[in-house]
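> Let me give you the structure first, and then I'll get to my questions.
Bear in mind these aren't lab numbers, they're just calculated from the coordinates by the rules spelled out. Remember, it's a predicted structure, so these values are computed and weren't measured experimentally. All Cβ positions, even for glycine, are placed from backbone atoms using ideal geometry, and neighbour counts span all protein chains on display.
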Amino acid sequence: MLLHDTALIYGRYLRQSLRSRFALLFGVLMPLLYLVFFGPLLTDLPLGGQGSSWQLLVPGLLLQLGLFGASFAGFSIIIEKGQGVVERMRVTPVSRLALLLGRVLRDATVFVFQAVLLVLAAVVMGLRAPLPGVLIGFAFVALLTVSLGSLSYALAMKVSTPTEFGPTINAVSMPSMLLSGLMLPMTLAPAWLDALSHFMPFRYLVDAMRDAYVGSYATTTMLYGVLVAVGLAALSVTVGTRVFRTTGA
Amino acid sequence: MAIISTAGLAHTFRTKNGPVDAVRGLDLTVREGEILGFLGPNGAGKTTTLRMLTTLLAPTGGAATVAGRDLVSDPAGVRRACGYVAQSGGVDPQITVREELVTQGRLYRLTKTQATQRAEELAHDLDLTELLDRKAGALSGGQRRRLDIAMALTHRPALLFLDEPTTGLDPGSRADLWDLVRRLRDEHGTTVFLTTHYLDEADALADRLVIVDRGTVVAEGTPSALKLRHGGSIDASLQDTFLAITGRSAAPADATPVAV
């Protein structure tokens, strides 16, 4: 039943995404601007690490895409609460977990699709990276969007207005981006900043993705990245499920 | 036979300004096949009660049996037996009537074929057939309400909850909706539990009224019994009866108009 219900909810929201093709492409715009207008600044800088500056920047931009996109996913549920759609579904026997999973899997699909577009643009700009590494990168994007999407929907179920929701998300996502070294690797940072960034889970994801993009798959960085990404997803889905089970929204 | 019975049903909201007792110790019996009008001033706890009885909100006290299922221990059983139309309805304006009806069928675990067939049936019964391929957002108020009700009837529930179903409808659509509610009860034996602020609606439609104020039942009975007991005469208006029960003073009939 969970599978049936998840597929049903997934289909409903995927069709919703496909109806607004503009929004589907618009999500790529911000990271694309970074890619085109910021990426070229890095090509001749000594950034440490292996590979070209594109192999450093693109993993960061992909996670940025997931970070900003998925953390705002909850907005849609605030709208649906107003329309009564959430309550209408909650009085049916549909699995509560499916109401969450169907939505976050849709989000993962949309963001991986956008990530593919962004990687294609990056190849045009000069990115060269091994295919398995790029695919591993998409898996990280999917795990990140599942995690952040779950937390975002959980928060959106709890708050009653978009004006509470937006600023909260902004207050969390901006420092998360800066402190995880998405734009430039934290190895360039002074010791205190580098140390601080280790408390930010996304740092482990971006470091692992950068390893994948230069073809180093069996590293401790990769191990930590996978553990943190999977652990974060498990924790977030648990929190999300708890909220979806109990909240009378 | 009682289809709903509650004992001491309560819900206390925890807010920043301290606890708010929205519903405090509600004792209620609804008989199978009746149309029950659930009345009360704004903030009396009507919607909170409805949300508890439909499993959307867990009670913080008391017990209830809905359609033979225990509300707290078997919410899934309650969901299978009840339909609910919220004040706001519950359809996405961007989605077509057909897609919403089919999805609703699938949410009630019908197969694709069954859900498509049920959508056609419901559209036929509620006069939506012509509108099946229109987006829900393009429907008129009355059509939207019929769609909301069709959604709630997908699984042929024995018990239908309607929260202020005619608010915002024109007189013609209201009359149609009253006919629909009566037809549901007469043809399918559906028990209808509805809240309303329109006393003429309660008078015309409900077999029995339950009046709540400040989270508890303050009066119940047939409209005429309540008029006789609280309004002073069987010919009293339900308006006066309602005001007498809830203690909200009505403006005296001969009061001087404010404007000169």
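> How well do other chains shield peptide B:47-53, expressed as the mean number of their Cβ atoms within 10 Å of each residue Cβ?
Working: counts 0, 1, 0, 0, 4, 1, 0.
Mean shielding count: 1.
> Inside 10 Å of the C-beta atoms of B:82-88, what's the mean count of C-beta atoms belonging to other chains?
Values: counts 2, 2, 6, 3, 7, 2, 7.
For peptide B:82-88, the averaged partner shielding equals 4.
> Which residues among region B:77-93 fall inside the zone where the amide N is under 16 Å from a point 7 Å beyond the Cα of B:Glu32, along Cα→Cβ?
So the set is B:81-82.
> Turning to a different aspect of this structure: Only counting other Cβ atoms within 10 Å, I'd like A:Val214, A:Val110 sorted with the fewest neighbours first.
So the residues, fewest neighbours to most, are A:Val214, A:Val110.
> Using a simple charge model, +1 on the beta-carbon of Lys and Arg, -1 on the beta-carbon of Asp and Glu, nothing else, what dipole does the protein assembly as shown show about its Cα centre, in debye to the nearest 20?
Rounded to the nearest 20 debye, it is 1120 debye.
> Kindly put B:Asp21, B:Asp92 in sequence by how many other C-beta atoms sit within 10 Å of each C-beta, fewest to most.
If I rank by nearby Cβ atoms, fewest first, I get B:Asp21, B:Asp92.
> Right, here's the next one. Could you give the nm distance between label points at A:Leu120 and A:His4, where each point is 7 Å from its Cα heading toward the beta carbon?
3.8
> Give me the orientation-averaged projected area of the Cα convex hull of region B:1-76, in nm², one decimal.
Reported value for the Cα convex hull: 5.4 nm².
> Pairs of Cα atoms under 8 Å, at least six residues apart: use those to get the relative contact order of region A:1-135, whole percent.
47
> For region A:1-115, what is the convex hull (Cα atoms) projected area averaged across all directions, in square nanometres?
Numbers: hull surface 35.1 nm².
Across all orientations, region A:1-115 yields a mean hull projection of 8.8 nm².
> From the phi angles alone, apply the Karplus equation (6.51, -1.76, 1.60; θ = phi - 60°) to region A:18-25 and give each ³J(HN,Hα) in whole Hz, x where the residue is Gly or Pro.
5, 5, 10, 4, 4, 4, 4, 7
> Given just the C-alpha atoms of chain B, how large is their convex hull per residue in cubic angstrom?
168
> Okay, next question. Count, for each residue of A:79-90, the Cβ atoms from other chains sitting within 10 Å of its Cβ, then give me the mean as a whole number.
Other-chain Cβ atoms within 10 Å of each residue's Cβ, averaged: 6.
> Quick one: B:Thr29, A:Thr241, fewest Cβ neighbours within 10 Å first, how do they rank? Please list the in-between numbers first.
Numbers: B:Thr29 14, A:Thr241 18.
Least crowded to most crowded, the residues run B:Thr29, A:Thr241.
> I've got another one for you. Suppose we keep just the DSSP beta bridges with both residues in the protein assembly as shown; what percent of those would be antiparallel, to 5? Please list the in-between numbers first.
On the way: 23 of 40 bridges.
About 60 percent, rounded to the nearest 5.
> Note down the nm distance, to one decimal, between modelled labels 7 Å out along Cα→Cβ at B:Ala58 and at B:Glu187.
The modelled label-to-label distance comes out at 4.0 nm.
> Okay, moving on. At a 10 angstrom cut-off on C-beta neighbours, averaged per residue, how do the peptides B:200-208, B:141-149 rank from highest to lowest?
Ranked by mean Cβ neighbours within 10 Å, highest first: B:141-149, B:200-208.
> Debye sum, Cα scatterers, region B:32-72, no solvent: what log₁₀ I/I(0) at q = 0.30, 0.32 1/Å?
Here log10 of I(q) over I(0) equals -1.13, -1.15.
> Restricting the count to DSSP beta bridges whose residues both fall in region B:144-221, what percent are antiparallel, rounded to a multiple of 5?
50
> Can I ask one more? Over the Cα atoms of the protein assembly as shown, what radius of gyration and what Dmax do you get, in Å?
28.0, 93
> Note down the magnitude of the dipole of chain A about its Cα centre, charges +1 on Lys and Arg C-beta and -1 on Asp and Glu C-beta and zero elsewhere, to the nearest 20 debye.
860
> Considering just Cα atoms, how many Å³ per residue does the convex hull of region B:1-148 enclose?
Normalising the Cα hull of region B:1-148 by residue number yields 148 Å³.
> For the protein assembly as shown, what is the mean residue ellipticity at 222 nm derived from helices alone (per DSSP H run of n ≥ 4: -39500 (n - 2.57); sum divided by total residues; nearest 500 deg cm²/dmol)?
-18000 deg cm²/dmol, from helical runs alone.
> Over region B:65-188, what relative contact order in percent results from Cα pairs under 8 Å that are six or more residues apart?
Relative contact order of region B:65-188: 33 percent.
> What Kirkwood hydrodynamic radius, in Å, does chain A give when the mean of 1/r is taken over all pairs of distinct Cα atoms and then inverted?
Here the Kirkwood hydrodynamic radius works out to 18.6 Å.
> Using r as the Cβ-Cβ distance of B:Thr167 and A:Ala195, and R0 as 56 Å, what FRET efficiency do you calculate, to the nearest 0.05?
Once rounded, the FRET efficiency stands at 0.45.
> Further question on the same structure: 7 Å from Cα along Cα→Cβ at both A:Tyr217 and A:Phe26: what's the point-to-point distance in nm?
Inter-label distance under the simple model: 3.9 nm.
> Also, quick follow-up: Which loop-located trypsin sites (Lys or Arg not before Pro) does region A:64-136 contain, where loop means any DSSP state but H, G, I, E or B and the Cβ has at most 12 other Cβ atoms within 10 Å? Walk me through the intermediate numbers first.
Values: sites: A:Lys81, A:Arg88, A:Arg90, A:Arg96, A:Arg103, A:Arg106, A:Arg128; in loops: A:Arg128.
Sparse-neighbourhood loop trypsin sites (Lys or Arg not before Pro): A:Arg128.
> Turning to a different aspect of this structure: Note the angle between two axes, namely the Cα long axis of helix B:141-152 and the longest principal axis of the Cα atoms of chain B, as a number of degrees from 0 to 90, rounded to the nearest 10.
With rounding to tens, the tilt is 70 degrees.
> Hey, what angle do you get for helix A:53-71 against the long axis of chain A, alpha-carbon based, 0 to 90 degrees rounded to 10?
20
> If you take the beta carbon distance between B:Ala7 and B:Arg214 as r and set R0 to 30 Å, what does 1/(1 + (r/R0)^6) give as a FRET efficiency, to the nearest 0.05?
Using R0 = 30 Å, I get an efficiency of 0.95.
> Still on this structure, I have one more. So which trypsin sites (Lys or Arg not before Pro) in region B:1-80 end up in coil per DSSP with only 15 or fewer other C-beta atoms within 10 Å?
Of the trypsin sites (Lys or Arg not before Pro), the ones in loops of region B:1-80 whose Cβ has at most 15 other Cβ atoms within 10 Å are B:Lys16.
> Further question on the same structure: Give me the angle, in degrees from 0 to 90, between the Cα long axis of helix B:171-188 and the longest principal axis of the Cα atoms of chain B, rounded to the nearest 10.
The helix B:171-188 is inclined about 70 degrees to chain B.
> Before anything else, pin down the relative contact order of chain A: Cα pairs under 8 Å, at least 6 apart, normalised by residue count, whole percent.
Details: 330 pairs, mean separation 70.6, N = 249.
It rounds to 28 percent for chain A.
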